[in-house]
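Step one of this worksheet: look at the structure below.
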Amino acid sequence: MILSRRQRDRLTERPDHALVGVVRMPESRVGPAQAIVRRVIGALIALTAAAFIVYLDRDGYVDSGPGNLTLLDCFYYAGVSLSTTGYGDILPVSESARLVNVLIFTPLRVLFLIVLVGTTLEVLTERSRQALKIQRWRHKVREHVVVIGYGTKGRSAVNSLLGDGAEPGSIVVVDTDPAALEAASSLGLVTVNGNATRSDVLRLAGVSRARSVVIGANRDDAAVLITLTARELAPRAHIIAAVREAENVHLLRQSGADSVVVSSETAGRLLGMATRTPSVVELVEDLLTPDTGLAIAERPVEPTEVGGSPRHLPDIVLGVVRGGILFRVDSPEVDAVETGDTLLYVRKVTPAQSDEQRARSG
């Protein structure tokens, strides 16, 4: 969808039905056979309801055949009426002829109507459902995660979130690549088609009410501009940005990023370590992959642990977060844990947890 500058500036002012195609809500996948079966069942329900309505008021109908209307007559009348066939010049009189009409001709007419207008109705219904979902989502979305850029970094961030137990519907992906948005939507994520350097696109993604914003732009200058815009819209959100060059880290922090990851230097360090200590790199990869082996996790301090040393706890503690500041486990400031502290520890992922996380993410 190509939008003019003026249209893009007013995205957040557009009605919900006009955002279909820009915002895409997750939807369940239904196969063609299942969709046709549902349509046939719906048609049969409508036919049955119409027949019983006619039967309840059968004294108000006149039949060219002998006797009063039977239930079969009512089904026949409902069938020819719903299928727009009409009645008059040729009228089946015998019970067998009408039975054939109800059991054979009416389903054929229904199937014809399904083939003829089914696709159009499905598209119109889907647009209505999407508009309703967008309306509900825009009013209720809170404490979600916005992932800007669904390239290699954005996909890895989403996989990590899903592996840690995040619900797909609580993640919003912003990108301009239709293929990337389609891939994100297939995982059940909410997607927004637009340039994240524009404030109206970020507003549409609900950045102002987001818990976290993950910026995985391909260029450092774009990451700086997106960070500035996101921080202006969301003063309290936790913003994490990826940058290619270490010399741009201070720009991201000055722009409002809480955490900055240097992708090129981190990859380079791992490559260098792999030449000397490949097993260390293996362990680091294991810790960074939440759905297999070991994983780094966090949890609040339990009341029974208050006052004790983090180095003597059953879990392998790597650090302590106190007052929003991270201390290494050997720092004297956290020689004893306090109420309200958060522990960063090494968690063992069981096979059952791994299977559950894989099922949730795909």
Query raised in the report: Which distance in nm do the two modelled labels at Asn195 and Phe52 give, with both placed 7 Å along the Cα-to-Cβ direction?
Result: 5.8 nm
Query - Cα-projected label distance for Ile316 with Glu167, points at 7 Å along beta-carbon direction, nm - result: 3.4 nm
Report task. Could you compute the FRET efficiency for Ser309 and Ala274, with r as their C-beta to C-beta distance and R0 at 30 Å, rounded to 0.05? Result -> 0.30
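Among Phe75, Phe327, which comes first, second and so on when ranked by fewest other beta-carbon atoms within 10 Å?
Result, fewest neighbours first: Phe327, Phe75.
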Query raised in the report: How much length is gained if the chain between Arg219 and Val284 is pulled fully straight, taking 0.36 nm per residue apart and subtracting their Cα-Cα distance, in nm to one decimal?
Result: 20.8 nm
Requested in this report: Can you put Thr304, Thr227, Thr342, Thr48 in order of Cβ neighbours within 10 angstrom, beginning with the fewest?
Outcome: Thr304, Thr48, Thr342, Thr227
Query raised in the report: Going by how many other Cβ atoms sit within 10 Å of their own, how do Leu318, Leu326 line up, fewest first?
Result: Leu326, Leu318
Query raised in the report: When the Karplus curve 6.51 cos²θ - 1.76 cosθ + 1.60 is applied with θ = phi - 60°, which whole-Hz ³J(HN,Hα) does each residue of segment 187-194 get, with x for Gly and Pro?
Result: 8, x, 8, 7, 10, 10, 8, x
Requested in this report: Assign unit charges at the C-beta atoms only (+1 for Lys and Arg, -1 for Asp and Glu), then state the dipole size of segment 200-343 relative to its Cα centre in Debye, rounded to the nearest 20.
Outcome: 440 debye
Report summary line: For segment 177-222, the dipole about the Cα centre with charges only on Cβ (Lys and Arg +1, Asp and Glu -1), to the nearest 20 debye, works out at 260 debye
Report task. Work out how much length Ile325 to Ser81 would gain on full extension: take 0.36 nm times their residue separation and subtract the Cα-Cα distance, in nm to one decimal. Result -> 80.5 nm
Query raised in the report: What FRET efficiency comes out for the pair Leu294/Arg203, r = Cβ-Cβ distance, R0 = 45 Å, nearest 0.05?
Result: 0.70
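Coordinate-derived values only; no laboratory data. What you see is a predicted model; the values in this text were computed from it and never measured. Virtual Cβ from ideal backbone geometry, glycine too; neighbours counted across all protein chains shown.
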